[in-house]
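The values are calculated or read from the model by the stated rules, or taken from the named source; none is laboratory data. Quick caveat, the model's predicted, so the values are computed rather than measured. Cβ: placed from backbone, ideal geometry, glycine included. Neighbour counts: every protein chain shown.
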Amino acid sequence: MADEKKDKDQQAGADGAKKGGISTILLAITLVNTLLVVGLAAYVVMGKSSAPASSSATEEAPGDDGDQSAKEDVLPQVVDFEPFLVNLNDSGVARYLRATIKVEVVGAADVDKVKARTAKIRDIILTYLSSLNLAQTQGTVAKEIIRKQVIKRIKQELPDMNVKDVYFTEFVTQ
């Protein structure tokens, strides 16, 4: 009887060792996978953030401030405009459009041009927006058409400006 109990205890101990061994192996595999995922994510993040810095460091010699200012001059810059509030061209019903627009230009020289010609650019945009009716302002496709038309009209009227894009930060109709 004592021998049977001893055999059962040994068998239970062996089963426990097997269960403990399996759970230890699973824990180790999970830990290794987690470390690999974290390491890969860190590599991707660190690799992307450090790659441009190292390439620009090899391209520029220390003390080349003239080249740096030339590079900054051609970086895209955004010029803010006061909000536009226009009556839409709907007959019989008073409809309004309120839009806040930002104009992206290629460099600092173009920023100065835009600021010097703000009244002309606002007039171009106001005239175009007030020619629209409510249906022409609804939906993402309509907004994309408006964006392209604003860029086109600014470039037609002021060809010396290098307008890259137009952004709507507010666009509300009533």
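Residues in region 127-174 that are among the β-branched types (V, I, T) and closer than 30 Å to A109 by Cβ: T127, I145, I146, V150, I151, I154, V163, V166, T169. Among the residues of region 107-124, which ones are at pLDDT below 90 and touching a helix residue (DSSP H, G or I) at 6+ places or on another chain (Cβ under 9 Å)? Within region 107-124, G107, A108, A109 qualify. Within region 97-153, take every residue that is within 21 Å of L85 (Cβ to Cβ) and among the hydroxyl-bearing types (S, T, Y) and give me the one that is surrounded by the most Cβ atoms within 10 Å (Cβ to Cβ). Ranking the qualifying residues of region 97-153, first place goes to T137.
Residues checked against (1) at pLDDT below 85; (2) among the hydrophobic types (A, V, I, L, M, F, W, C); (3) loosely packed, with under 10 Cβ neighbours inside 10 Å:
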| residue | (1), (2), (3) |
| --- | --- |
| E4 | yes, no, yes |
| D9 | yes, no, no |
| G20 | yes, no, no |
| A70 | yes, yes, no |
